[in-house]
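S.K.: This is the structure I have questions about; it appears just below.
The values are calculated or read from the model by the stated rules, or taken from the named source; none is laboratory data. The structure displayed is predicted, hence computed values, not measured ones. Counting neighbours? That spans all protein chains shown, and the Cβs are built from the backbone with ideal geometry, glycine included. Protein only, heavy atoms only, side chains kept; ligands, DNA and RNA dropped before computing areas. Shrake-Rupley method; radii C 1.70, N 1.55, O 1.52, S 1.80 Å.
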Amino acid sequence: MRIVNLLKIAYRSLSKNKLRVLLTMLGIIIGVASVIAMLAIGEGSKQNIQASVSSLGTNSVMIYPGSSNMGGVRMGAGSHSTLTIKDVEAITAKCEYVTDVSPVVQRSSQIIAGNQNWHTNVIGAYGQYFSIRNLTISSGVGYSTTDEKVAAKVCIIGLTVSTNLFGAGTDPVGKYIRINSIPFKVIGLLDKKGQNTFGQDQDDIIIAPFNTVQKRMLSTIYLNSILASAKSEKDIDKAKEQITSIIRTEHRLTPATEDDFTVRSQADIANIFGSISNIMTILLASIAGISLIVGGIGIMNIMLVSVTERTREIGIRMAVGAKGRDVLIQFMIESVFISILGGLIGIVLGILISVLVGRFGGWPVVITPTSILLSFLFSSAVGIFFGWYPARKAAALNPIDALRYE
Amino acid sequence: MEASRSLISVKDLSRTYKMGEIEFYALRGVSLEIQKGDFAAVMGPSGSGKSTFMNLLGCLDHPTGGSYFLDGVDVLKLSKNQLAELRNQKIGFIFQSFNILARTSAIENVELPMLYNNKLNTKERKEKAMAALKSVGLADRADHLPSQLSGGQQQRVAIARSLVNDPVVIMADEPTGNLDTRSSYEIMDIFQQLNEKGITIIMVTHETDIAQFARTNILFRDGQIVSNVPVTERKFAKEELPKLPEINPREVLT
Ligand SMILES: Nc1ncnc2c1ncn2[C@@H]1O[C@H](COP(=O)(O)OP(=O)(O)OP(=O)(O)O)[C@@H](O)[C@H]1O
Ligand SMILES: [Mg+2]
C-alpha cells in the first residue's frame, strides 16, 4: 500500500468534509489561542511588576515606622511616629554596609504658579535620595549641601508637575512656584519615568531639601520613612540586620520588645509582588488550562462523532479491500493535518490577541515559547488521539459490522 | 481436505448470532459447490439466511463453523489483512443499498478499490475506472455525485467499482432490490455480459423473473439449502429489454 494513495484518500476525505474539518479545527484553534493569550498577559504583568519594583532602586533599603507583623508592606505615610532624624544620623555614622542614607518626609500640598495650580506630594529628602532611587535630572541641577543646611526654598519637580503648571515643553528651571503659599525656586527637572504597575504617575512629584520641608512646612520631628542604599546587592541582608540593631539601640528597646519600625529591602518588596503576580499567572494559566480542556473535549466530541458517523464509510472501504492499517493511517493523516493546521492557526490567533490586548488594553504582554509549545502539543495530542482511537475501534470491526452500523 | 476443483467450495458452513443468552442459528450447515463461470441466483424467504451466507462468501464476516475454499484458498485460515487482500483482488461485492461513498464522484468511487493495492499508477487507474464506468453505461456521469444519480445509476457505479480489480467472482446481495423493472433488467444485462466473459456471479434475489436470468437457482429455507437446480427457461436481458412497455413521461404526468 503506497502512502501516496493513502494521502490521496485522506485528502479527498478532508476536502469533502470542509465543515467538519473546520469545526474540529475550531476547538484546537480556540484552545491554543486562549492559552497563549492568557499566559502572555500573565507573564507580561509579572515582568511589568518586577520592572516597577526595581525602579525603586536595586539596592535600596527602606525603613518604615511601625512593626511589620501588623500587616503587609506599608507604602503610605506612617501612622506610627517612631523614626526621627537621630536614627538617620545613627545609621550614617554606624552602618558600614550602606552608602547613602536619607530621611523622607512628605506632605500633600497645593502648588501655585501664576494662575495655574496643582495638587501633589512634596517630598523632603537629602540629596542622596536621588541616587538611592535612581532619579536623574534632565534640566537644571540638584540641590547642594548648603541648600540643605540653610533650608533653602528650592525644589526639583517632575515632568507632570511642570507640564501642569507651565505647559508642555516649557523648561521650568529658574521659575518660581508657591507650595502652600511659600515661594520656591525650581532648580531642576526630573527625567521622565512614566507610570508604575500600580498606575501611579512617577513624574507627579516635587522634591525639596529635607530641612526645608520639615522646618518650613511640617510641624513634626517624625519622619515618614528612611531610605538607604546598600553598598552592593550581597550587602543588603547585612545592611538590614545592622540597621535594625542600630535603630533598636537608638530607640532603647529591650530584647523583649518588638521592633517599632520595619526594615525592608527592594528585594523583599519584589518578592511580595513577585508572589502576587505568580498567583495571578497561576490563575490565568488555570483559566487557560480550563479552556484548553474544554477545547480538548470539543475536539474529542467532534472526532468521536465524525468517526462514528463514518463507521459505514470504514465498512465500505474494508469491503473493497482496505486493511485495518490503511483505515488507521488515513485517519491519522486526517487528524494530524487538522491538529497541526488548527494549532498553527491557534498560535497566530493567540499572538494576535496578545498583541491587541497589549496595544489597546494597555496591558503588558510577553509571549513565551513555552506556552506556544505547551498548548500546541496538548491540543494536537488530543486531536490525534481522539481521531485515532475511534478509528481503531471501527477498523477492528468485521467489515459487515461496520457496514451495518447505525 | 483434498483441494476442490470448484471455484467456491463450502462445507457445513454455519453461523450463529449470539443475542445475550439466546443463540440464533442463521445458517445450519450449508454445503455448496460453485464452478467457474457459473451464474447462481440465491432465493428464499426473508430471514432464511441468504444475506448471512453471502457475507460469509464475500469474506465480510466469519462463520461459526464449517469450511470455505475460494479459488483453492482456505479462506478461514487467512488473517484479517489477507482477507482484505482477497476481497480486494478476487471478490467484487454489490449491496442492496449500493454502499458507495457519499459526496464522492462516480469515478472516485470506482477508483477506490484500486487505491488499496499498488498495481496501477494514477493515469492507468483513471483509465481503468473510466472503462468500467463505460461498461455499465455511465461514461457521461463520471463526475456526478451519488446525490445526483438515480438508484439504478448508483447501483451501476457500485457494479463498476466491483469490476475494476478484475475479480474472479461477483457477489451481489439483492442488487435489484431497490430498482424498477427496467433498471433491474439493465443490471441483468450487465451481469450476463460479464458472465459471458467468464466472471462467476452469485446473486441474491427475491424476484423469480430476475432469478431466471441466472444459470442456476439455489433455494434457502431456515438457514439451509433446500434445492439447487439449473434454470430451465433462461431469460436473456438483451431480448427482454425491448419487450418492456415504453413509458411516456407525458402520459404519466397527465
Ligand atoms: N447481526 C445479526 N444479529 C442477530 N441476528 C441476525 C443478524 N443478522 C441476521 N440475523 C438473523 O439471521 C437470520 C437470517 O438473516 P439474513 O439477513 O441472512 O436473512 P435474509 O435471507 O437475507 O433475509 P432478507 O431476504 O429479508 O434479506 C434472520 O432471522 C436475522 O434476524
Ligand atoms: Mg438479505
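S.K.: Being open to solvent by 40 Å² or more (accessible area, probe 1.4 Å), aliphatic (A, V, I, L, M) and away from every other protein chain (no Cβ under 14 Å) is true for just one of A:ILE299, A:ILE329, A:ILE345. Which residue is that?
M.R.: Answer to the check: A:ILE345.
S.K.: Out of (1) within 22 Å of A:LEU403 (Cα to Cα); (2) open to solvent by 10 Å² or more (accessible area, probe 1.4 Å); (3) away from ligand 1 (no atom under 13 Å from the Cβ), the odd one out for B:SER67 is which?
M.R.: (1)
S.K.: Please go through segment B:185-202 and pick out each residue that is among the polar types (S, T, N, Q) and within 18 Å of B:LYS134 (Cα to Cα).
M.R.: Scanning segment B:185-202 gives B:GLN192, B:GLN193, B:ASN195.
S.K.: A follow-up question, please. Please go through segment B:1-54 and give me each residue that is in contact with a strand residue (DSSP E or B) (Cβ under 8 Å, 6 or more places away or on another chain) and of a type in the set (Ser, Thr, Tyr), ordered by number.
M.R.: B:SER4, B:SER6, B:SER9, B:SER14, B:THR16, B:TYR17, B:TYR25, B:SER31, B:SER48, B:SER51, B:THR52
S.K.: Now for a different question. Mind checking which pairs have a first residue in segment A:395-406 that is open to solvent by 60 Å² or more (accessible area, probe 1.4 Å) and a second that is outside any helix (DSSP H, G or I), Cβ under 6 Å, 6 or more apart or different chains?
M.R.: none
S.K.: Please go through segment A:171-219 and pick out each residue that is outside any loop (DSSP other than H, G, I, E, B) and either of a type in the set (S, T, N, Q) or open to solvent by 30 Å² or more (accessible area, probe 1.4 Å) (or both).
M.R.: Residues of segment A:171-219 that are outside any loop (DSSP other than H, G, I, E, B), as a first pass: A:176-179, A:182-190, A:195, A:201, A:206-217.
Answer for segment A:171-219, where residues must be outside any loop (DSSP other than H, G, I, E, B) and either of a type in the set (S, T, N, Q) or open to solvent by 30 Å² or more (accessible area, probe 1.4 Å) (or both): A:TYR176, A:ARG178, A:ILE182, A:PRO183, A:LYS185, A:GLN195, A:ASP201, A:ASN211, A:THR212, A:GLN214, A:LYS215, A:ARG216.
S.K.: To continue, here is another question. Checking B:ALA41 against (1) assigned to a strand (DSSP E or B); (2) within 13 Å of the chain's Cα centre (by Cα); (3) farther than 30 Å from B:LYS235 by Cα, only one condition comes out false. Which one?
M.R.: (3)
S.K.: Check A:TRP388 against each of (1) open to solvent by 70 Å² or more (accessible area, probe 1.4 Å); (2) within 30 Å of A:THR281 (Cβ to Cβ); (3) modelled with pLDDT under 85 and name the one condition it does not meet.
M.R.: Condition not satisfied by A:TRP388: (2).
S.K.: For a quick check of your reading of the model, give me the residue pairs whose first member lies in segment A:359-385 and is over 19 Å from A:GLY296 (Cα atoms) and open to solvent by 80 Å² or more (accessible area, probe 1.4 Å), whose second is assigned to a helix (DSSP H, G or I) and of a type in the set (Gly, Ala, Ser), with beta-carbon atoms closer than 9 Å and at least 6 apart or on different chains.
M.R.: A:TRP363/A:GLY44; A:TRP363/A:SER45
S.K.: From the list B:GLY20, B:GLY49, which residue is among the small types (Gly, Ala, Ser) and within 14 Å of ligand 2 (Cβ to nearest atom)?
M.R.: None of the other options fit; the residue is B:GLY49.
S.K.: Can I ask one more? Do you know which residues across segment A:129-150 are under 16 Å from A:VAL101 (Cβ atoms) and among the charged types (D, E, K, R)?
M.R.: A:ARG133, A:GLU148
S.K.: Could you identify the single residue in A:ALA239, A:ALA285, A:ALA267, A:ALA319 that is crowded, with 17+ Cβ neighbours inside 10 Å and free of Cβ contacts under 8 Å to residues at least 40 places away in the same chain? Steps first, answer last, please.
M.R.: Working: A:ALA239 fails: free of Cβ contacts under 8 Å to residues at least 40 places away in the same chain; A:ALA285 fails: free of Cβ contacts under 8 Å to residues at least 40 places away in the same chain; A:ALA319 fails: free of Cβ contacts under 8 Å to residues at least 40 places away in the same chain.
After ruling out the rest, the residue left standing is A:ALA267.
S.K.: Mind checking which pairs have a first residue in segment A:1-15 that is facing chain B (nearest Cβ under 7 Å) and a second that is open to solvent by 60 Å² or more (accessible area, probe 1.4 Å), Cβ under 9 Å, 6 or more apart or different chains?
M.R.: Listed pairs, sorted by first residue: A:MET1/A:ARG325; A:MET1/B:ASN118; A:ARG2/B:ASN118; A:ASN5/B:ASN118; A:LYS8/B:THR122.
S.K.: Examine segment B:156-169 for a residue that is closer than 19 Å to B:ALA40 by Cα, more than 12 Å from chain A (Cβ to nearest Cβ), open to solvent by less than 10 Å² (accessible area, probe 1.4 Å) and touching a strand residue (DSSP E or B) at 6+ places or on another chain (Cβ under 7 Å), and state whether such a residue exists.
M.R.: For segment B:156-169, residues closer than 19 Å to B:ALA40 by Cα, more than 12 Å from chain A (Cβ to nearest Cβ), open to solvent by less than 10 Å² (accessible area, probe 1.4 Å) and touching a strand residue (DSSP E or B) at 6+ places or on another chain (Cβ under 7 Å): present.
S.K.: Of everything in segment A:139-170 that's in a strand (DSSP E or B) and modelled with pLDDT of 90 or more, which residue is farthest from A:VAL122 (Cα to Cα)?
M.R.: A:VAL154
S.K.: I've got another one for you. Only helices (runs of 4 or more DSSP H) wholly contained in segment B:49-142 count here; list those with 3 or more residues that are within 9 Å of chain A (Cβ to nearest Cβ) and touching a helix residue (DSSP H, G or I) at 6+ places or on another chain (Cβ under 7 Å).
M.R.: Correct list: B:80-90, B:106-115.
S.K.: Quick check on this structure: which one of B:LYS77, B:LYS50 is of a type in the set (Lys, Arg) and surrounded by 21 or more Cβ atoms within 10 Å (Cβ to Cβ)?
M.R.: B:LYS50
S.K.: Take the conditions open to solvent by 20 Å² or more (accessible area, probe 1.4 Å) and more than 22 Å from the chain's Cα centre (by Cα) and apply them to A:THR262. Does it pass?
M.R.: no
S.K.: Give me the pairs: first residue in segment B:13-31 and open to solvent by 40 Å² or more (accessible area, probe 1.4 Å), second residue of a type in the set (Ser, Thr, Tyr), beta-carbon distance under 8 Å, and six or more apart or on different chains, which are they?
M.R.: Matching pairs, first to second residue: B:GLU23/B:THR16; B:GLU23/B:TYR17; B:PHE24/B:THR16; B:PHE24/B:TYR17; B:TYR25/B:SER14; B:TYR25/B:THR16; B:ARG28/B:SER14.
S.K.: If A:VAL150 satisfies every condition in (1) more than 20 Å from A:VAL53 (Cα to Cα); (2) surrounded by 14 or more Cβ atoms within 10 Å (Cβ to Cβ); (3) among the hydrophobic types (A, V, I, L, M, F, W, C) but one, which is the exception?
M.R.: Failing condition for A:VAL150: (2).
S.K.: So, one more: Looking at A:SER354, is it within 28 Å of A:ALA33 (Cβ to Cβ) and within 14 Å of another protein chain (Cβ to nearest Cβ)?
M.R.: no
S.K.: Another one. Can we say B:VAL42 is more than 14 Å from chain A (Cβ to nearest Cβ), away from ligand 2 (no atom under 14 Å from the Cβ) and crowded, with 19+ Cβ neighbours inside 10 Å?
M.R.: Values: more than 14 Å from chain A (Cβ to nearest Cβ): yes; away from ligand 2 (no atom under 14 Å from the Cβ): no; crowded, with 19+ Cβ neighbours inside 10 Å: yes.
Judged against the criteria, B:VAL42 is not a match.
S.K.: Checking A:ARG404 against (1) modelled with pLDDT of 90 or more; (2) within 14 Å of chain B (Cβ to nearest Cβ): exactly one of these is not met. Which one?
M.R.: Evaluating A:ARG404 over (1) modelled with pLDDT of 90 or more; (2) within 14 Å of chain B (Cβ to nearest Cβ) leaves (1) as the failure.
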